[in-house]
Structure formats: C-alpha cells, structure tokens
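Note sheet for the following structure.
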Amino acid sequence: MKIGILTGGGDCPGLNPVIRAVVRTAMNDNQTIVGIRHGWKGLLDKETKPLDLKSVSGILHKGGTILGTSRTNPYKKEGGVEIVKKNLAELGIDALVAIGGEDTLGVATNLYKEGVKVVGVPKTIDNDLGATDFTFGFDTAINIVMECIDRLHTTAESHDRIMVVEVMGRHAGWIAAYSGIAGGADYILIPEIPIDAKEVCKSIQSRHERGKNFSIIVVSEGAFFKDENVCLQEKNLDEFGHVRLGGIGQTLGKLIEDTTGFETRVTVLGHIQRGGTPTAFDRVLGTRFGVKAYKLIKAGSFGKMVSLKGNQIVDVNLEDATKELKTLDLDLYEMSKIFFS
C-alpha cells in the first residue's frame with residue numbers, strides 16, 4: 001500500500017508528531033509513505049516528497065510542518081477535484097491522511113463521498129472542531145498565551161495600566177477562556193457573547209475603587225460589540241470564504257481609556273500563538289492520532305476522523321466532525337466570571 005499525507009490550513013504545533021507517527025507505524029508494517037507538499041495545493045500541482053525513517057527523525061519537537069501548508073480549496077479551482085483524483089491515481093496513492101481543521105477536513109469529507117480513500121486528523125489551535133474533545137496545538141497555544149499574560153501582569157502592575165491582550169479565536173473563545181483563566185485575567189471576552197462595553201468599564205472602575213490599579217483583559221479576535229460586526233484587517237476572502245480578523249483589541253483599548261481615563265495598552269499576540277515547539281500534551285496527542293490514523297487505513301475504515309474522547313482515541317465520521325463548529329462551553333465561561341471583579 002502507498003499512503004499519502006498532507007497538512008492543510010494554518011500551521012500548528014503537533015503536526016510533525018502526527019506525520020512521524022504515521023510514517024513510523026506504517027513503515028513498521030512495510031508500507032510506502034509519500035508526503036504531499038503544501039496541502040491540497042500539492043495534489044493539484046503533483047508536488048510530493050518521499051517520507052521514510054530518516055526524513056522524520058528529529059521532528060517530534062519541531063513546530064510547523066515539514067510538508068508545508070496552504071489554504072487551497074480544490075473545489076474553488078476549475079476542474080480541481082478531477083485533477084486531485086487523477087493525480088492520486090498517477091502517483092499510485094492508495095489512501096490519504098489529511099491533517100487539518102474545518103476547511104481541510106471539509107474538503108476531505110467531500111472527496112470521500114466521491115470515492116477517495118481518506119482518513120482525517122483534527123488540527124486547530126482554536127479547538128473548535130466538532131466530534132473531538134481537544135485538538136493538538138490548542139494546549140501549546142494556551143500555554144504560550146498564559147506565559148505572555150504572566151509577563152504583562154508585571155508591567156501592568158508597575159505602570160498602573162490596563163492591558164488588553166488580543167488572542168486568536170475566529171468563532172470560538174476556547175483560547176481566550178483557557179488562557180485567561182490560567183493567566184488570572186480580570187475580564188475575558190469571547191465571540192460567543194457580544195461585548196458589553198459599559199459592563200467591562202464598570203468592572204475595571206470597580207477594581208480601581210478597591211485598590212487594584214491595573215487590569216488584564218483577554219479578548220478573542222472574533223469578539224464583537226453589541227449591534228456591531230467583527231473587526232476586519234481587510235475584506236478580501238480566502239478560498240474558504242474567511243476574512244482576516246484583527247483590530248478588536250485596539251478598538252476596545254481606546255474605548256476603555258476614553259471611558260475610564262486609565263492608561264491602556266494593547267498587545268496582539270497573533271501568530272506567536274501558532275509557532276514554536278509543541279507541549280508534551282500535544283506531542284503525545286499528535287502521536288496517538290497518527291498511530292490511530294494508520295490503523296484505520298489498515299482496517300479499510302475510510303471517511304473517518306480520529307478523535308479524543310475523554311482519554312481514549314476513537315474514530316468518528318468525517319462528516320460529523322465538520323458539520324458544526326464546537327463553540328466554547330458556556331458553563332466554563334460562567335465560572336470564569338467569578339473573577340471579573
């Protein structure tokens with residue numbers, strides 16, 4: 001059997017552990033592995049690289065992906081799906097492991113319906129993919145954000161400032177909530193609940209009245225004010241219909257300073273959250289996902305995605321994993337409100 005592996009969408013800590021695990025497990029079973037460069041774009045361009053034990057040696061601790069990635073959608077290219085199927089046949093690839101988030105696995109779902117033998121592995125730092133409790137990359141991201149919040153605490157306290165920290169999270173507030181709780185944030189704002197600016201400023205003023213002369217506010221990039229839209233960096237759409245978000249932190253920071261009179265600074269963490277070496281949790285989870293993905297292929301169980309349920313690695317239908325985004329558990333958010341004063 002010849003197995004292809006691709007990584008699509010945004011880069012993410014833990015991708016290389018998945019690749020390594022698939023290769024090591026498959027080669028122990030005398031299978032041939034080929035890496036597809038730059039996600040679905042590599043299948044359109046027939047751009048591949050052989051994968052063996054040497055090529056995956058030493059990649060466990062590395063962030064990013066040795067295969068490269070892109071946000072390419074073959075369904076947006078004229079004849080793209082036919083080209084993908086033709087190139088798979090010409091390359092002799094019998095089965096495909098697609099590692100990615102909502103968009104990459106959405107393409108995989110549709111290709112499976114058209115006869116492509118594919119297995120999915122969930123990847124997103126946003127942790128918003130359905131049918132799995134956690135995705136790899138999320139733990140690394142929240143630990144990075146938590147450390148940044150820890151560092152901002154010292155400068156906020158030294159200067160009696162309000163610090164607004166803008167983090168990733170287009171539709172779901174998982175990163176903001178987990179890192180905010182872990183970092184001791186004084187207010188957390190998420191896409192699931194529109195921002196009440198008066199309430200935020202009231203909370204900050206209340207803190208000052210009882211002697212707390214600084215505050216840390218964590219806000220998801222996809223959060224928005226009541227009766228307003230999300231903040232955009234630009235209006236152009238990518239091939240999956242997404243806009244580039246950004247700016248809510250600056251808007252919120254100015255509003256807080258104008259309303260309260262307290263000096264406010266804004267930090268946008270951006271792609272820092274994606275980069276660097278994965279945590280132990282993400283290395284282990286990625287490894288477990290990769291081993292399970294190969295086992296599904298060996299069993300001929302296609303159209304599935306590997307998933308973490310509790311502490312067990314199981315498989316679910318690809319279609320179930322991509323039909324609905326997993327937004328933040330609002331019980332967790334309600335608990336975080338205990339510390340909003």
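Numbers at a glance
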| item | result |
| --- | --- |
| Environment charge at I3 (Cβ cut-off 13 Å; Lys +1, Arg +1, Asp -1, Glu -1) | +2 |
| In degrees, nearest ten, helix 174-183 long axis to first principal axis of the chain (Cα) | 50 |
| Nearby lysines by direct alpha-carbon distance to K117 (threshold 16 angstrom, same-chain neighbours under 8 apart not counted) | K2, K85, K86, K292, K295, K298, K304 |
| Given charges at beta-carbon only (K, R positive; D, E negative), |dipole| of segment 167-211 in Debye | 80 |
| Whole-Å distance, taken between Cα centres, linking segment 278-332 and segment 24-50 | 20 |
| Cα-based helix-to-principal-axis angle, 248-260 vs the chain, degrees rounded to 10 | 10 |
| Crossing angle, helix 80-91 versus the chain [Cα axis fit, 0-90 degrees, rounded to tens] | 50 |
| Protection-proxy order for peptides 6-17, 272-283, 186-197, each taking the mean of Cβ atoms within 10 Å per residue, highest first | 6-17, 186-197, 272-283 |
| Label assignment, Rg/Rh (Cα atoms, Kirkwood Rh) derived from the structure, set (1) 1.00; (2) 1.03; (3) 0.96 | (2) |
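Only the coordinates and a few stated rules stand behind these numbers; no lab work does. Not measured: the values here are computed from a predicted model. Cβ sites come from the backbone with ideal geometry, for glycine too, and all protein chains shown count toward neighbours.
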